[in-house]
Amino acid sequence: MTLATVARSVAARAGNVWALPTLPLLGGGAATAVWGRRRAALQTVPAVNTLSSPSAALSETKRPAHDTADTFDALPPSVTLPLSTGPLSVGTAATGGTQQMNLFTAVNDALRIALETDESAVVFGEDVAFGGVFRCTQHLRDAFGPDRVFNTPLCEQGIAGFGIGLAASGVTAVAEIQFADYSLPAYDQLANEAAKFRYRSGGAYSAGLTVRMPCGAVGHGGLYHSQSPEALFCATPGLKVVMPRDPVRAKGLLLASIRDANPVIFMEPKALYRASVAPTPVEDYELPLGVAETVVPGRDVTLVGWGAQVHVLVAAAARAAAEDDISAEVLDLQTLCPWDVDAVVASVKRTGRLVVSHEAPLSGGLGGEVAATVAADAFLSLEAPVKRVCGWDTPFPLAHEKYYVPNVERCLEAIKDVVAF
Amino acid sequence: MLIVTVAGVRSKSRSAAAPAAEESSAPLRPLEETETYDLPAFKTHRMDLDSLPTSTTASGAQLQEYFESMYRMRRMETKADELYMTGHVRGFCHLYNGQEAVAVGVEAAVTYEDYLITAYRNHCQQLARGDTVEGVLSELTGRVTGCSGGKGGSMHLYKPENRYFGGNGIVGAQGPLGTGLAFAAKYGGTRNIAITMFGDGAANQGQIFEALNMAQLWRLPIIFMCENNRYGMGTSTARAAASGDFYTRGDYAAGLYIDGMNVLSVREGIAYAAERCRTGEGPVYVEMDTYRYKGHSISDQGTGYRTTDEVQSMKASRDPIDQVKTMLIDGGWATLQSLKGVERSLRKQVDAAVEFAKKAPEPPPEHLWKDVLSPSASGESVVRGTLVTTGGKVGTPL
């Protein structure tokens, strides 16, 4: 039995585990055992989906899509995205319509399209040839061969540097860092080499690689499988930083990131890999980087978030409407660097209030940047001080995760505070 | 104990320092004629020593070219030192004096199709990869005429058309990058190789071992070239490295020790290692035994951690330029007099380049935010946070 068939059989068994009513976000013991090493903290504990979000709710009522996509009836023929630069429709009947995907199958689909449409594209990282710990690269090696989809040793600094050299030579390089927490050994290469190659060479070279990494809280990840280090990368000029909130955005944004000439840090909220399910266009499409999306329109307060936190804000907005008749507008930044200043400022000028929320710790988080920019650009429109609802300034806790994450209640309280100010 | 055989020294040879009175007025030997030279001993690790050459043939023209290249380099570095002292070069400046045979010998063994990447001591590689002294000194002095438009400075010289991936400011960062370049060469189905150069200090960096592991695992065509110039900044290898036999430190990878002060030895050793890479046998960890005459950078006088005697004796016994001069004179292709003429003309060229660099324009202020990200479709290169604005919005330039 080859390693590949082991991986496939494990995946098949894992599929059954994942189809159980309680939906483990990271798969069960059978799925994780084969990956060994660093995931000890993640194994065997079945996760409970703590997200109160429309897409999460959907995933609980329907079976995961990756093996049952063809059983869904009456999928919408296309998806319309209310981007700040104007609505965008993708997945029309002429281009194959939509198919039910979750976030990891959407990432997988985007990688497949990237490999199909660009013969120089290569995908590599720890265990990616076997599908990766979150299955994002499953079947890609079989489809594209071991020269284009391959495993690396466990060496994040080396992986990043290798990818930078590869990209600088003109190859489309897509690296996976197994967890965003492990991007810190690679941070030197990403911040000092990838981000600065174009600038220090006066445009002679660039390192337009894409580095995918799962990020964010997952219920039981503990200190080193839960962090959201996006602010580190946003504070590094020369990088772009992207975080999608669902399969539709993940696919379109990932394809745009891979095809962008700049180094892009693509952060995938791991809690959404299975929890977020949506009809996703089958076609090859890109969503523009640097453009925010209005997820929920509203009048009284602007809520800004990204990644999994958008779902928390949407739920908080619904509670605010139901309890206090507050009309909250939810904006998903999608691209965190460079972020869509125009969309946020325009929204705050209409609503007069801002709550910005992220899982990363409060201090030094991107929320502070959003708040400061709004204070400068929309000062006279503000009816209340900007509120930030973020992770606390502690290491990401294991036992205390539920107190750490900026949950619906904390967001709701901030909404009520700024409206009542 | 190192086995040092100064190539080309014949028993009856006149030394480079012979008095001018001995110069004859006999016609010089045609440059296309060749001579055979014994090579200093190589040392190998997981490679067959017997398959390496013990002698090589060089023509007068080749030696003349090596001499001119090395002399131009040394003169340029000397001028760079002066430019730093007079405030024309700012920031950092790491000089190559003493190590020229490495840059020149490597280029004699590979082509511009092969990738080259190195650390911050990178001025002379830029010359060897086809740039001009004007280009290098312009970059050092922060002029728009420099190879990076004045924005890279001393540590960041590049020559994309000749596959020179230039200088890296982080110690050891070029190890993984070079590995990526080697993968690209293999992935593209070419016979090209990559050479990643680093110092004896960087040889202790973890990422060198990460990169070497990948390279060996995937049999990538790459030479990990450790320029052992004896000191990592101010710390000698004896104080910093658990093993000073750098050519053995690739462990599972093949290793090769080369006398890096002898240009022919560098040429032959690298040619052998490169051919091994091209045939798919995987990486070679090369140790270039060389010596840095100057300090680590300008701020280091290079005297606090070694004796003046050590430096002087190295200059007197192993200087790479003197070795080639001796070969040229002994071979009858040149006389001290004729070489002095060549030196004079090279000095003039470098002096002109200094004046060029001093007078060249500085990059305009708006280049501050150029090349941070790729230009937009309209060709603009605008980045937030660099403009006088309200908050982060794009507005009027500073």
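Springs between alpha-carbon atoms under 10 Å, Gaussian network over chain B: tell me which of B:LEU137, B:LEU63, B:LEU368 tops the mean-square fluctuations.
B:LEU368
If you fit an axis through the alpha-carbon atoms of helix B:320-330 and take the longest principal axis of the Cα set of chain B, what angle between them do you get, 0 to 90°, nearest 10?
Helix B:320-330 and the main axis of chain B meet at about 40 degrees.
Report the full-extension gain for the segment A:THR117 to A:LEU184: residue separation times 0.36 nm, less the Cα-Cα distance, to one decimal in nm. Don't jump to the answer; show the numbers that get you there.
Numbers: separation 67, 0.36 × 67 = 24.12 nm, distance 3.13 nm.
So the extension gain works out to 21.0 nm.
What's the carbon and sulfur percent of chain B's accessible surface, probe 1.4 angstrom, rounded to a whole number? Could the numbers behind the result be given before it?
Working: 8220 of 15910 Å².
Ligands and nucleic acids excluded, carbon and sulfur reach 52 percent.
Starting from the Cα-Cα distance between A:SER327 and A:ALA376, subtract it from 0.36 nm times their residue separation and give me the gain in nm to one decimal.
Values: separation 49, 0.36 × 49 = 17.64 nm, distance 2.43 nm.
Roughly 15.2 nm would be gained on extension.
With everything on Cα atoms, drop me the angle between helix B:100-109 and the longest principal axis of chain B, reported from 0 to 90° to the nearest 10.
Relative to chain B, helix B:100-109 is tipped by roughly 90 degrees.
Given the convex hull of the Cα atoms of the range B:9-363, what is a quarter of its surface area in nm²? List each step's numbers first, then the result.
On the way: hull surface 71.1 nm².
Here the figure is 17.8 nm², rounded to one decimal.
What does the charge count around A:PRO297 come to, taking other residues whose C-beta lies under 12 Å from its C-beta (Lys +1, Arg +1, Asp -1, Glu -1)? Provide the component values of the computation, followed by the final result.
Working: positive: A:ARG299, A:ARG350; negative: A:GLU293, A:ASP300, A:GLU329.
For residues surrounding A:PRO297, the net value is -1.
Kirkwood Rh and Cα-based Rg: tell me the resulting Rg over Rh for the range B:209-361, rounded to two decimals.
Values: Rg = 19.4 Å, Rh = 18.4 Å.
Answer for the range B:209-361: 1.05.
Add +1 for every Lys or Arg and -1 for every Asp or Glu among the other residues with Cβ under 15 Å from the Cβ of A:THR117, and state the total. Please report the intermediate quantities before stating the final value.
Working: positive: A:ARG112, A:ARG148, A:LYS251, A:ARG259; negative: A:ASP109, A:GLU116, A:ASP118, A:GLU119, A:ASP260, A:GLU283, A:ASP284, A:GLU286.
Around A:THR117, the surrounding residues sum to -4.
Report the full-extension gain for the segment B:ALA41 to B:THR54: residue separation times 0.36 nm, less the Cα-Cα distance, to one decimal in nm. Kindly include the intermediate steps, with their values, before the conclusion.
Values: separation 13, 0.36 × 13 = 4.68 nm, distance 0.72 nm.
This chain segment gains 4.0 nm when fully extended.
Taking the 0 to 90 degree range and rounding to the nearest ten, how far is the long axis of helix B:206-217 tilted relative to the main principal axis of chain B, both from C-alpha atoms?
70
Within straight cross-link reach of B:LYS340, meaning Cα distance under 18 Å, which lysines are found once same-chain residues fewer than 8 apart are removed?
B:LYS325, B:LYS348
With each pseudo-label sitting 7 Å past Cα toward Cβ, what's the B:THR86-A:ARG299 distance in nm, one decimal?
With each label point 7 Å from Cα toward Cβ, the separation is 7.3 nm.
Using only atoms on other chains, find how many Cβ atoms lie within 10 Å of each Cβ of peptide B:164-177 and report the average. Before the final figure, lay out each step's value.
On the way: counts 1, 7, 5, 2, 6, 4, 7, 0, 3, 8, 4, 5, 14, 15.
If you average over the peptide's residues, the count of other-chain Cβ atoms is 6.
Could you give the spread of the C-alpha atoms of the range A:293-420 along their three principal axes, from largest to smallest, in whole angstroms?
41, 34, 23
Between the range B:216-288 and the range A:365-421, how far is it from one alpha carbon centroid to the other, in angstrom?
54
For B:LYS294, go through the lysines and keep the ones whose alpha-carbon is under 20 Å away, minus same-chain ones fewer than eight residues off.
B:LYS79, B:LYS315
Would you calculate a helix-derived [θ] at 222 nm for the protein assembly as shown, using -39,500 (n - 2.57) for each DSSP H run of n ≥ 4 and dividing by the full residue count, to the nearest 500? Could you put the intermediate results ahead of the total?
Working: 27 runs with 292 residues, N = 819.
Using -39500 (n - 2.57) per qualifying helix, the result is -10500 deg cm²/dmol.
For peptide B:199-208, compute the average count of partner chain beta-carbon atoms within 10 Å of each residue's beta-carbon. List each step's numbers first, then the result.
On the way: counts 0, 0, 0, 0, 0, 0, 1, 4, 11, 1.
Going residue by residue through B:199-208 and averaging, the value is 2.
What FRET efficiency comes out for A:ALA235 versus A:LEU75 if R0 is 35 angstrom and r is the Cβ-Cβ distance? Round to the nearest 0.05.
Calculated value: 0.30.
Have a look at the range B:87-232 and give its Rg and Dmax from the Cα atoms, expressed in angstrom.
That works out to 14.8, 48 Å for Rg and Dmax.
Under 23 Å between alpha carbons, and skipping anything fewer than 8 positions from A:LYS402 in its own chain: which lysines qualify?
Within the straight-line limit of under 23 Å, A:LYS402 reaches these lysines: A:LYS270, A:LYS387, A:LYS416.
With no solvent and one equal point scatterer placed on each C-alpha of the protein assembly as shown, evaluate the Debye formula and give log10 I(q)/I(0) for q = 0.09, 0.10 Å⁻¹, two decimals.
After summing over all Cα pairs, the log10 values are -0.89, -1.03.
Which residue fluctuates the most in chain B, going by a Gaussian network model with Cα springs under 10 Å, if the choices are B:TYR96, B:TYR187, B:TYR120?
Ranking B:TYR96, B:TYR187, B:TYR120 by mean-square fluctuation puts B:TYR187 first.
Would you please give the FRET efficiency between A:LEU398 and A:SER363, computed as 1/(1 + (r/R0)^6) with r the Cβ-Cβ distance and R0 = 35 Å, to the nearest 0.05? It would help to have the intermediate numbers written out before the result.
Working: r = 21 Å, r/R0 = 0.60.
Between A:LEU398 and A:SER363 the formula returns 0.95.
Find out how many positive minus negative residues lie around A:CYS136, taking Lys and Arg as positive, Asp and Glu as negative, among other residues whose Cβ is under 11 Å from that of A:CYS136. Working shown, then result.
Values: positive: A:ARG112, A:ARG135, A:ARG212, A:LYS270; negative: A:ASP109, A:ASP127, A:GLU176, A:GLU268.
Once positives and negatives cancel, what remains is 0.
Rounded to the nearest 10 Å², what accessible area does A:GLU283 show when all protein chains are kept and the probe is 1.4 Å?
40
Rolling a 1.4 angstrom probe over the protein chains, ignoring ligands and nucleic acids, what is the accessible area of A:TYR182 in square angstrom, nearest 10?
It works out to around 20 Å².
Compute, for A:THR302, the solvent-accessible surface of its heavy atoms (probe 1.4 Å) with the complete set of protein chains present, and express it in square angstrom to the nearest 10.
Rounded to the nearest 10, that gives 0 Å².
From largest accessible area down, sort A:ASP260, B:ASP245; use a 1.4 Å probe on the protein chains.
Values: A:ASP260 30, B:ASP245 75 Å².
Descending order: B:ASP245, A:ASP260.
The values are calculated or read from the model by the stated rules, or taken from the named source; none is laboratory data. Keep in mind that this is a model prediction, so the values were computed, not measured. Note that each Cβ is placed from the backbone with ideal geometry, even for glycine, and that neighbours are counted across all protein chains shown. Accessible surface areas use protein heavy atoms only, side chains included; no ligands, DNA or RNA. Shrake-Rupley method; radii C 1.70, N 1.55, O 1.52, S 1.80 Å.
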